[in-house]
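Presented below is the structure to which this report refers.
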Amino acid sequence: MANKIKIDDELVINDGEFTIIAGPCAVESEKQMESIGSFLSKMEVKIIRGGAFKPRTSPKSFQGLGIDGLKILKDIKDFYGFKVVSEIMDPRDIEKAYDYIDICQIGSRNMQNYSLLKEAGRIGKPILLKRGMSATLDEWMKASEYIKMEGNENIILCERGIRTFENYTRNTLDLMSVPIMKSKTNYPVIVDPSHGTGRRELILPATRAALVLGANGVIIEVHPQPDKALSDGAQSLNFEEFEVLLKEIRKLKGQMLIN
Ligand code: PEP
Ligand code: MN
(Lines give C-alpha, C1' and ligand atoms only; values in the text may rest on other atoms or scores of the structure.)
(Ligands and ions follow the chains in the order given, each with its own letter.)
Protein backbone atom coordinates (compact mmCIF):
# COMPACT_ATOMS: atom_id res chain seq x y z
CA MET A 1 0.00 0.00 0.00
CA ALA A 2 2.13 2.83 -1.29
CA ASN A 3 2.48 5.93 0.85
CA LYS A 4 -0.74 5.27 2.73
CA ILE A 5 -1.40 3.88 6.18
CA LYS A 6 -4.81 2.64 7.20
CA ILE A 7 -5.91 1.79 10.73
CA ASP A 8 -9.35 0.21 11.20
CA ASP A 9 -10.31 1.27 7.66
CA GLU A 10 -9.38 4.87 8.39
CA LEU A 11 -6.63 6.47 6.33
CA VAL A 12 -4.30 8.05 8.88
CA ILE A 13 -1.43 8.80 6.52
CA ASN A 14 -2.08 9.67 2.91
CA ASP A 15 -0.10 11.31 0.16
CA GLY A 16 -0.89 14.98 -0.19
CA GLU A 17 -1.77 15.22 3.49
CA PHE A 18 0.47 16.18 6.38
CA THR A 19 -0.22 14.10 9.47
CA ILE A 20 0.67 15.59 12.82
CA ILE A 21 1.39 13.09 15.56
CA ALA A 22 1.90 14.61 18.99
CA GLY A 23 2.21 13.71 22.64
CA PRO A 24 4.73 13.47 25.44
CA CYS A 25 8.08 11.78 25.21
CA ALA A 26 6.96 9.48 28.03
CA VAL A 27 3.65 8.53 29.59
CA GLU A 28 4.18 9.76 33.16
CA SER A 29 0.79 9.53 34.84
CA GLU A 30 -2.96 9.37 34.19
CA LYS A 31 -3.26 13.04 35.05
CA GLN A 32 -0.56 14.08 32.57
CA MET A 33 -2.11 12.00 29.77
CA GLU A 34 -5.61 13.26 30.50
CA SER A 35 -4.38 16.83 30.22
CA ILE A 36 -2.52 16.15 26.94
CA GLY A 37 -5.35 14.02 25.53
CA SER A 38 -7.97 16.65 26.12
CA PHE A 39 -5.76 19.36 24.59
CA LEU A 40 -4.79 17.36 21.49
CA SER A 41 -8.37 16.32 20.93
CA LYS A 42 -9.37 20.01 20.89
CA MET A 43 -6.56 20.64 18.41
CA GLU A 44 -7.99 17.87 16.20
CA VAL A 45 -4.83 15.80 16.34
CA LYS A 46 -5.72 12.22 15.42
CA ILE A 47 -2.65 10.25 16.51
CA ILE A 48 -1.17 10.52 19.97
CA ARG A 49 2.33 9.41 20.94
CA GLY A 50 3.69 8.47 24.35
CA GLY A 51 6.52 6.18 25.40
CA ALA A 52 5.84 3.45 27.95
CA PHE A 53 9.13 1.64 27.42
CA LYS A 54 11.82 4.30 27.32
CA PRO A 55 15.28 3.70 25.87
CA ARG A 56 17.35 5.94 28.19
CA THR A 57 21.06 6.51 27.92
CA SER A 58 21.46 6.11 31.69
CA PRO A 59 19.88 3.13 33.47
CA LYS A 60 19.25 5.51 36.37
CA SER A 61 16.93 7.73 34.32
CA PHE A 62 13.15 7.22 34.24
CA GLN A 63 12.56 4.03 32.26
CA GLY A 64 8.85 4.47 31.57
CA LEU A 65 5.77 2.90 33.14
CA GLY A 66 5.82 -0.23 30.96
CA ILE A 67 2.51 -2.02 30.46
CA ASP A 68 0.85 0.33 32.97
CA GLY A 69 1.78 3.18 30.65
CA LEU A 70 0.21 1.36 27.71
CA LYS A 71 -2.98 0.93 29.76
CA ILE A 72 -3.12 4.68 30.39
CA LEU A 73 -2.65 5.32 26.66
CA LYS A 74 -5.44 2.90 25.84
CA ASP A 75 -7.86 4.65 28.21
CA ILE A 76 -7.07 7.99 26.56
CA LYS A 77 -7.44 6.41 23.12
CA ASP A 78 -10.83 4.95 23.99
CA PHE A 79 -12.11 8.17 25.52
CA TYR A 80 -11.01 10.60 22.81
CA GLY A 81 -10.85 8.30 19.79
CA PHE A 82 -7.13 8.71 19.07
CA LYS A 83 -4.89 6.25 17.33
CA VAL A 84 -1.89 5.49 19.50
CA VAL A 85 1.80 5.11 18.72
CA SER A 86 4.24 3.81 21.31
CA GLU A 87 7.72 2.34 21.27
CA ILE A 88 8.42 -1.32 21.90
CA MET A 89 12.01 -2.25 22.71
CA ASP A 90 11.80 -5.95 23.47
CA PRO A 91 10.44 -8.54 21.00
CA ARG A 92 8.75 -10.26 23.98
CA ASP A 93 6.64 -7.16 24.60
CA ILE A 94 5.22 -6.93 21.08
CA GLU A 95 2.46 -9.44 21.70
CA LYS A 96 1.68 -7.97 25.13
CA ALA A 97 1.32 -4.51 23.57
CA TYR A 98 -1.00 -5.70 20.81
CA ASP A 99 -4.27 -4.73 22.48
CA TYR A 100 -3.08 -1.30 23.54
CA ILE A 101 -1.41 0.34 20.58
CA ASP A 102 -2.23 1.03 16.92
CA ILE A 103 1.26 1.77 15.61
CA CYS A 104 4.36 0.10 16.96
CA GLN A 105 7.41 2.35 17.10
CA ILE A 106 10.88 0.93 16.67
CA GLY A 107 13.29 3.46 18.07
CA SER A 108 16.55 4.75 16.71
CA ARG A 109 18.63 2.61 19.05
CA ASN A 110 16.84 -0.51 17.84
CA MET A 111 16.81 0.06 14.09
CA GLN A 112 19.26 -2.79 13.69
CA ASN A 113 17.76 -5.09 16.31
CA TYR A 114 16.92 -7.78 13.82
CA SER A 115 14.92 -10.01 16.17
CA LEU A 116 12.73 -7.03 17.03
CA LEU A 117 12.32 -6.09 13.35
CA LYS A 118 11.27 -9.63 12.47
CA GLU A 119 8.80 -9.82 15.32
CA ALA A 120 7.40 -6.44 14.27
CA GLY A 121 6.92 -7.87 10.80
CA ARG A 122 4.53 -10.46 12.20
CA ILE A 123 2.10 -8.38 14.24
CA GLY A 124 -0.23 -7.01 11.60
CA LYS A 125 -0.02 -3.42 12.82
CA PRO A 126 1.76 -0.50 11.15
CA ILE A 127 5.36 -0.02 12.22
CA LEU A 128 6.97 3.38 12.72
CA LEU A 129 10.61 2.71 11.93
CA LYS A 130 12.95 5.42 13.11
CA ARG A 131 16.29 5.94 11.47
CA GLY A 132 19.22 4.69 13.51
CA MET A 133 21.25 7.60 14.84
CA SER A 134 24.30 6.39 12.92
CA ALA A 135 22.53 4.62 10.08
CA THR A 136 23.02 5.33 6.40
CA LEU A 137 19.94 5.50 4.21
CA ASP A 138 20.86 2.13 2.75
CA GLU A 139 21.01 0.53 6.21
CA TRP A 140 17.66 2.09 7.08
CA MET A 141 16.13 0.71 3.91
CA LYS A 142 17.50 -2.75 4.63
CA ALA A 143 16.12 -2.60 8.17
CA SER A 144 12.68 -1.97 6.65
CA GLU A 145 13.14 -5.07 4.49
CA TYR A 146 13.35 -7.23 7.62
CA ILE A 147 9.84 -6.10 8.54
CA LYS A 148 8.53 -6.50 5.01
CA MET A 149 10.01 -9.98 4.64
CA GLU A 150 7.85 -11.19 7.52
CA GLY A 151 4.79 -9.98 5.65
CA ASN A 152 4.23 -6.49 7.01
CA GLU A 153 4.37 -3.68 4.46
CA ASN A 154 2.66 -1.09 6.63
CA ILE A 155 5.81 0.77 7.42
CA ILE A 156 6.23 4.45 8.21
CA LEU A 157 9.80 5.70 7.99
CA CYS A 158 10.77 8.42 10.46
CA GLU A 159 13.79 10.69 10.06
CA ARG A 160 14.94 11.69 13.56
CA GLY A 161 18.40 13.07 12.95
CA ILE A 162 21.84 11.53 12.95
CA ARG A 163 25.04 11.98 14.94
CA THR A 164 27.55 14.33 13.41
CA PHE A 165 30.36 16.50 14.78
CA GLU A 166 27.83 19.32 15.27
CA ASN A 167 26.70 19.57 18.84
CA TYR A 168 24.65 22.76 18.94
CA THR A 169 21.66 20.60 18.11
CA ARG A 170 21.10 17.22 19.78
CA ASN A 171 21.23 15.52 16.38
CA THR A 172 21.67 16.75 12.82
CA LEU A 173 18.29 16.53 11.14
CA ASP A 174 19.12 15.04 7.74
CA LEU A 175 16.08 16.34 5.90
CA MET A 176 17.35 15.28 2.48
CA SER A 177 16.43 11.76 3.50
CA VAL A 178 12.78 12.75 2.98
CA PRO A 179 12.82 13.12 -0.83
CA ILE A 180 15.41 10.34 -1.13
CA MET A 181 13.49 7.75 0.90
CA LYS A 182 10.23 8.77 -0.76
CA SER A 183 11.74 8.10 -4.17
CA LYS A 184 13.48 4.86 -3.18
CA THR A 185 10.65 3.21 -1.21
CA ASN A 186 6.87 3.04 -1.29
CA TYR A 187 6.61 4.03 2.35
CA PRO A 188 5.42 7.28 3.85
CA VAL A 189 8.22 9.29 5.40
CA ILE A 190 7.67 11.46 8.47
CA VAL A 191 10.06 13.68 10.42
CA ASP A 192 10.73 13.95 14.16
CA PRO A 193 11.87 17.54 14.71
CA SER A 194 11.93 17.03 18.50
CA HIS A 195 14.68 14.40 18.61
CA GLY A 196 16.09 15.77 15.36
CA THR A 197 17.01 19.09 16.95
CA GLY A 198 16.67 18.67 20.72
CA ARG A 199 15.67 22.35 21.00
CA ARG A 200 12.12 23.56 21.16
CA GLU A 201 12.79 26.80 19.28
CA LEU A 202 13.79 24.75 16.23
CA ILE A 203 10.66 22.59 16.08
CA LEU A 204 8.62 25.03 13.99
CA PRO A 205 11.29 25.79 11.36
CA ALA A 206 12.11 22.08 11.07
CA THR A 207 8.42 21.23 10.68
CA ARG A 208 7.99 23.86 7.97
CA ALA A 209 10.98 22.43 6.13
CA ALA A 210 9.60 18.89 6.44
CA LEU A 211 6.28 19.98 4.95
CA VAL A 212 7.88 21.78 2.02
CA LEU A 213 10.13 18.80 1.31
CA GLY A 214 7.14 16.52 0.87
CA ALA A 215 7.21 14.64 4.17
CA ASN A 216 3.96 12.84 5.04
CA GLY A 217 3.93 14.31 8.51
CA VAL A 218 5.78 14.97 11.75
CA ILE A 219 5.88 13.51 15.24
CA ILE A 220 6.26 16.17 17.92
CA GLU A 221 6.79 16.03 21.68
CA VAL A 222 4.28 18.06 23.68
CA HIS A 223 4.04 18.35 27.46
CA PRO A 224 1.83 20.48 29.76
CA GLN A 225 4.92 21.56 31.72
CA PRO A 226 8.05 20.81 29.68
CA ASP A 227 10.34 21.96 32.47
CA LYS A 228 8.91 19.27 34.72
CA ALA A 229 8.93 16.48 32.09
CA LEU A 230 10.58 13.23 33.19
CA SER A 231 12.32 13.04 29.82
CA ASP A 232 13.17 15.32 26.90
CA GLY A 233 11.73 18.52 28.38
CA ALA A 234 14.12 20.78 26.45
CA GLN A 235 12.70 19.61 23.14
CA SER A 236 9.04 19.48 24.21
CA LEU A 237 6.55 22.19 23.30
CA ASN A 238 4.01 23.46 25.80
CA PHE A 239 0.36 23.72 24.73
CA GLU A 240 0.60 27.32 23.65
CA GLU A 241 3.67 26.71 21.52
CA PHE A 242 2.08 23.67 19.94
CA GLU A 243 -1.05 25.62 19.07
CA VAL A 244 1.06 28.28 17.35
CA LEU A 245 2.90 25.56 15.42
CA LEU A 246 -0.37 23.99 14.25
CA LYS A 247 -1.68 27.36 13.05
CA GLU A 248 1.53 28.15 11.20
CA ILE A 249 1.72 24.75 9.56
CA ARG A 250 -1.94 24.74 8.53
CA LYS A 251 -1.44 28.22 7.06
CA LEU A 252 1.66 27.13 5.11
CA LYS A 253 -0.13 24.03 3.86
CA GLY A 254 -2.99 26.24 2.63
CA GLN A 255 -0.56 28.51 0.78
CA MET A 256 1.04 25.50 -0.85
CA LEU A 257 -2.34 24.33 -2.13
CA ILE A 258 -3.14 27.72 -3.65
CA ASN A 259 0.14 28.16 -5.52
C1 PEP B 1 11.19 8.74 21.22
O2 PEP B 1 10.50 8.89 20.21
O3 PEP B 1 10.81 9.03 22.36
C4 PEP B 1 12.59 8.28 21.07
C5 PEP B 1 13.25 7.77 22.09
O6 PEP B 1 13.08 8.52 19.85
P7 PEP B 1 14.43 8.03 19.14
O8 PEP B 1 14.35 6.53 19.11
O9 PEP B 1 14.35 8.65 17.79
O10 PEP B 1 15.58 8.54 19.96
MN1 MN C 1 11.80 11.68 23.59
Q | the chain - share of DSSP beta bridges that are antiparallel (%, nearest 5) | A | 15
Q: Calculate the spin-label point distance for residue 238 paired with residue 149, positioning each point 7 Å from the Cα along the beta-carbon direction, and give it in nanometres.
A: 4.9
Q) Once amide H atoms are placed 1.01 Å from N in the peptide plane, what residues at a sequence separation of 5 or more from residue 105, or on another chain, have their amide H within under 5 Å of its amide H? A) 86, 87, 88, 128
Q: Run the accessible area of the chain with a 1.4 Å probe and give the carbon-and-sulfur part as a rounded percent.
A: 50
Q: Scan around residue 220 for amide H atoms under 5 Å from its own, H built in the peptide plane at 1.01 Å from N, and keep only partners 5 or more places away or cross-chain.
A: 21, 22, 23
Q) Between residue 96 and residue 176, what length comes free when the chain is fully extended (0.36 nm per residue of separation minus the Cα-Cα distance, one decimal in nm)? A) 25.2 nm
(Q) Whole-Hz ³J(HN,Hα) for each residue in the stretch 157-163, computed from phi via Karplus 6.51 cos²θ - 1.76 cosθ + 1.60 with θ = phi - 60°, x for glycine and proline: what do you get? (A) 8, 10, 7, 10, x, 10, 7
Q. Could you give the length gained on full extension between residue 9 and residue 201, defined as 0.36 nm per residue of separation minus the Cα-Cα distance, in nm?
A. 65.5 nm
Q. How far, in nm, would the chain grow between residue 114 and residue 248 when pulled straight, counting 0.36 nm per residue and subtracting the alpha carbon separation?
A. 44.3 nm
Q.
Please give me, ordered by residue number, the trypsin sites (Lys or Arg not before Pro) of the stretch 17-113 that lie in loop per DSSP and have at most 16 other Cβ atoms within 10 Å.
A. 56, 60
**Q.** Mean ellipticity per residue at 222 nm, deg cm²/dmol - from DSSP H runs of n ≥ 4 across the chain, formula -39500 (n - 2.57)
**A.** -11500 deg cm²/dmol
Q) Are there trypsin sites (Lys or Arg not before Pro) in the stretch 171-256 that DSSP puts in a loop and that have at most 15 other Cβ atoms within 10 Å, and which ones? A) 199
Q | Probe 1.4 Å, protein heavy atoms only - accessible area per residue of the stretch 5-258 in square angstrom | A | 45
Q.
I want to check the label-to-label distance for residue 56 and residue 42. Put each point 7 Å from Cα in the C-beta direction and report it in nm to one decimal.
A. 3.1
Q: Starting from the amide H of residue 190, placed 1.01 Å from N in the peptide plane, find each other amide H under 5 Å away whose residue is 5 or more places distant or on another chain.
A: 157, 158, 159, 216
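The values are calculated or read from the model by the stated rules, or taken from the named source; none is laboratory data. These numbers were taken from a predicted model, which means no experiment stands behind them. All Cβ positions, even for glycine, are placed from backbone atoms using ideal geometry, and neighbour counts span all protein chains on display. In case anyone asks, the SASA skips ligands and DNA or RNA and just uses the protein heavy atoms, side chains included. Shrake-Rupley method; radii C 1.70, N 1.55, O 1.52, S 1.80 Å.
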